[in-house]
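Only one structure is covered here, and it is reproduced in the block below.
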Amino acid sequence: MKTMNILYQSTRSNMEAIPASQAILQGLSSDGGLFVPITIPKLESTVEEFSQMDYRQCAYEVMKLLLTDFTEEELKTCINKAYDDKFDTKEIAPLIKQGNGYYLELFHGPTLAFKDMALSILPHLLITSAKKNNIKEEIVILTATSGDTGKAALEGFTDVEGTKIIVFYPKNGVSAIQEKQMITQKGENTYVVGITGNFDQAQTGVKNIFNNRELEKGLKDKGYIFSSANSINIGRLVPQIVYYVYSYAQLYKEGQIKKDEKINVVVPTGNFGNILAGYYAKCMGLPIDKLICASNENKVLFDFFNTGIYDKNREFILTSSPSMDILISSNLERLIFQLTGKDYKKTLEFMNDLSAGGKYEITGQMKEQMENIVAGYASEEETAKVIKEIFEETGYVIDTHTAVAASVYEKYLKDTGDDKKTVITSTASPYKFPVSVMEAIGTKYKGIGDFDLVKELSNLTGLEVPKAIAGLETADVIHDVICKPEEMEALVKEILK
Ligand SMILES: *Cc1c(COP(=O)(O)O)cnc(C)c1O
């Protein structure tokens, strides 16, 4: 079979279609839209073939279908550099059967969250893309983070030649461990800034900087171009498709499913990047039946999938799953584009409504096409309850984000009786959120500090404290800059002066 050449277009205009490497370099389209593949290719290997592959081989077979302007050697080099012993298990993404689901552990990378799955490869894709396109400028990565992206991006880009990385995080909106991970980041080319606002403000600030043509021109003259490490970059989405295919193949290999048997997938969701990769995997022919979108109390997606109305006008709630505390799920735009039948005009209208009034309503026809996406949400109480239950029944400890998914799945199972084999994407290590996790397990852990709880968690599970956490308590703080959301642009200029 000859692999189809795939080009990318914006969700908001019919500007010239571009190859993957250019879409990766630009991050966001200059019209404000997101890049999407014009056609979604079909998987070319069978499940038997996939089940014989290790993670890297599987990554190559999947990613080559979407990054068609990369040569075999380029792509394999990127994959080999990314999925190496930075991950603490050879399997890279182990699938653990526990209770009524299969937990796909995506947190074995250097920062203990699923962001590592994509951010360990993005720098290599980006550098390769720059070479392919004869880019001479230094690439400045601007990133807004709700906690996990920032550290994973910093790890990925630290001391990568030809790049600088600037991370903005909500000063009071991330866990203590998340913050410590970021502000102790080493590397000559790294900058970490706390903003006195929430994640949406950080994300909006970054998008505004991207869309500022004057700033762009000024910096280009100084030898800089911007790109993004957020999941708006297609270079993050494509690597995430891999683990859906890989987990399906593992289920098959272990005799848990028959060939072509449909499975369900539950994804704890914030910016809609992870679940969108699952949606693309399904479009590529992976036998996924229901995609179950799990939200925390910021349940804007739950309301959207149930009513067809996206409405961000509501209170922003800080929860125990901070990486999902998001009211503007950027990647939903890519689904909207798909549901309109790839109509960029309609997509633009919806997005204009969103930025003007914080709200839009999709058509009945579009709603019908979402029947395979089910949405649920878990309250703070439910999230804590499921952590305790699973621990007491099985000894397995899940983090708060994964717990949101586990709780939503439990309710789904009870309501529908749909007992298809189900993969729950496990997006963070419990070590990353020790306070919420341990308080859920027992009230006696209340009031104890993060790092003492890390030790308690290790005692409880018998698992060694991960390297990424072990040295953190005593690490030196390197970054202490704080600014207001409206000062972000000035700060970027100052850094690049
Ligand atoms: C980022 C993140 C999520 C949300 O993923 P999206 O792709 O933004 O929907 C969930 N859990 C954890 C631990 C994360 O870091």
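Structure notes:
- Leading residue at positive end of dipole, the chain (Cβ point charges), from Leu7, His108, Ala294: Leu7
- From phi via Karplus (6.51, -1.76, 1.60), per-residue ³J(HN,Hα) for the stretch 376-385 in Hz, x at Gly/Pro: x, 9, 10, 6, 4, 5, 5, 4, 5, 4
- Diffusion coefficient of the stretch 214-354 by Stokes-Einstein, Kirkwood radius over Cα pairs, 4 °C, 1.567 mPa s: 75 µm²/s.
- A Cβ-based charge dipole, computed about the Cα centre of the chain with Lys and Arg at +1 and Asp and Glu at -1, lands at about 820 debye.
- Working note: Cα gyration tensor of the stretch 93-156, eigenvalues times five, square-rooted, sorted largest first, giving semi-axes of 31, 14, 7 Å.
- Cα-Cα P(r), the stretch 215-281, percent of pairs per 10 Å interval: 18, 34, 22, 14, 7, 5
- Each other residue within a Cβ distance under 14 Å of Thr340 adds +1 if Lys or Arg and -1 if Asp or Glu, for a net charge of 0.
- Taking amide H as placed 1.01 Å from N in the peptide plane, the amide H of Val192 sits under 5 Å from that of Val167, each at least 5 places away or on another chain.
- The residues of the stretch 1-108 present an accessible area of 44 Å² per residue when probed at 1.4 Å with all protein chains retained.
- Calculated [222 nm] ellipticity per residue, helices only, for the chain: -13000 deg cm²/dmol; basis is -39500 (n - 2.57) per DSSP H run with n ≥ 4, divided by all residues, nearest 500.
- Think of the stretch 195-336 as having a plus end and a minus end, set by charges on the Cβ of Lys, Arg, Asp and Glu; of Val266, Asn331, Leu219, Leu219 sits farthest toward the positive end of this dipole.
- Under the Karplus curve 6.51 cos²θ - 1.76 cosθ + 1.60, θ = phi - 60°, whole-Hz ³J(HN,Hα) for the stretch 222-228, x wherever Gly or Pro sits: 7, x, 10, 10, 8, 9, 10
- Relative packing of peptides 181-192, 64-75, 99-110 - highest average C-beta neighbours within 10 Å first: 99-110, 181-192, 64-75
- Residues whose placed amide H lies under 5 Å from that of Lys421, excluding near-sequence neighbours: Asn264
- Å² of accessible area per residue within the stretch 383-430, as computed with a 1.4 Å probe and no ligands counted: 37
- Across the stretch 351-477, the fraction of Cα-Cα pairs farther apart than 19 Å, rounded to a whole number, is 60%.
- Carbon and sulfur %, accessible surface of the chain computed with the full protein complex present, 1.4 Å: 48
- Relative contact order (%) - the chain, alpha-carbon pairs under 8 angstrom, separation at least six: 18
- Antiparallel DSSP beta bridges within the chain, as percent of all bridges there, nearest 5: 25
- The value of relative contact order for the stretch 73-214, using C-alpha pairs under 8 Å at least six residues apart, is 19 percent.
- Taking all pairs of distinct alpha-carbon atoms in the chain, Kirkwood radius in angstrom: 22.7
- Here the label points at Met4 and Ile317, each 7 Å from Cα along the C-beta direction, are separated by 4.2 nm in the simple model.
- For the stretch 3-20, 3J(HN,Hα) computed residue by residue from phi via the Karplus equation (6.51, -1.76, 1.60; θ = phi - 60°) reads 5, 6, 7, 9, 10, 10, 10, 7, 6, 10, 7, 9, 4, 3, 6, 10, x, 3 Hz, glycine and proline entered as x.
- Excluding ligands, DNA and RNA, the accessible surface per residue across the stretch 300-373 is 44 Å² with a 1.4 Å probe.
- Mean Cα-pair separation over length for the stretch 357-487, i.e. relative contact order, pairs under 8 Å, 6 or more apart, %: 20
- Distant-in-sequence amide H partners of Gln98 (H built 1.01 Å from N, under 5 Å): Tyr103
- Shape box of the stretch 135-212 [Cα atoms, principal axes, largest first, Å]: 37, 29, 14
The values are calculated or read from the model by the stated rules, or taken from the named source; none is laboratory data. The structure displayed is predicted, hence computed values, not measured ones. Here Cβ is always computed from backbone atoms with ideal geometry, including for glycine, and neighbour counts include all displayed protein chains. Accessible surface areas use protein heavy atoms only, side chains included; no ligands, DNA or RNA. Shrake-Rupley method; radii C 1.70, N 1.55, O 1.52, S 1.80 Å.
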